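These notes concern the structure reproduced below.
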Amino acid sequence: RERAARLPPVGAGGAPPHARDLTQSSELEMIANGCAQQPGPLSKSAEVCIGGVSTRLIATAYANRIFVVVSQRENLGTLISATRESATGLASGPGCYSTRVLLGRRDDEALEVYARTLVELINKSRPADLLLALNLLDSSRATFHEVMRALDAIKVW
């Protein structure tokens, strides 16, 4: 309880004081009980200008999947799953990948091209499926190459 009194108050733009107090007390209980917080998954983010539009990029590596967000709007857009199909009896090779739109636009094949290209790049480094959230204003070839270059800079795979 003494430590809680020494913590700084929440600023004008922060959470309401009662929300902050709950967070602080949980943190203090963890310290008091000797529990250390476990590190979360590796995550990197960036905001870049692609095609003259501000674009948010986030890449997070989980144990069995990479989650990537590329958005030029305020939402996630289309959610696509891309997986490497296991080929029994083949030790190596280019592999076969499948993509599936989980939520969002199913009429734009360019979105699946992003997912397929990314899952191939990821599997060159480590075996992992991809969950891609994509929301772009432009689906041109130039935008595709800019997005891939930007993702290469924040890759977590």
State, to one decimal in nm, how far the label point of residue 138 lies from the label point of residue 110, with both points 7 Å from Cα in the Cβ direction. 0.9
Just want the answer: with Cβ charges of +1 for Lys and Arg and -1 for Asp and Glu, which residue in 118, 86, 137 is farthest toward the dipole's positive end in the range 49-157? 86
Residue 128 neighbourhood, Cβ < 13 Å, K/R = +1, D/E = -1, net charge +3
Amide hydrogen neighbours beyond the local backbone of residue 66, cut-off 5 Å, H modeled: 129, 130, 131
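Please report the antiparallel percentage of DSSP beta bridges with both residues in the range 54-157, rounded to the nearest 5.
In the range 54-157, DSSP labels about 70 percent of beta bridges as antiparallel.
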Here the net charge surrounding residue 65, from other residues whose Cβ is less than 12 Å away from its Cβ (Lys, Arg +1; Asp, Glu -1), is +1
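All of the numbers you see were taken from the coordinates with simple rules; none came from a lab. From a predicted model like this one, the values you see are computed outputs, not experimental measurements. Positions of Cβ are generated from backbone atoms using ideal geometry, with glycine treated the same way; all protein chains shown enter the neighbour counts.
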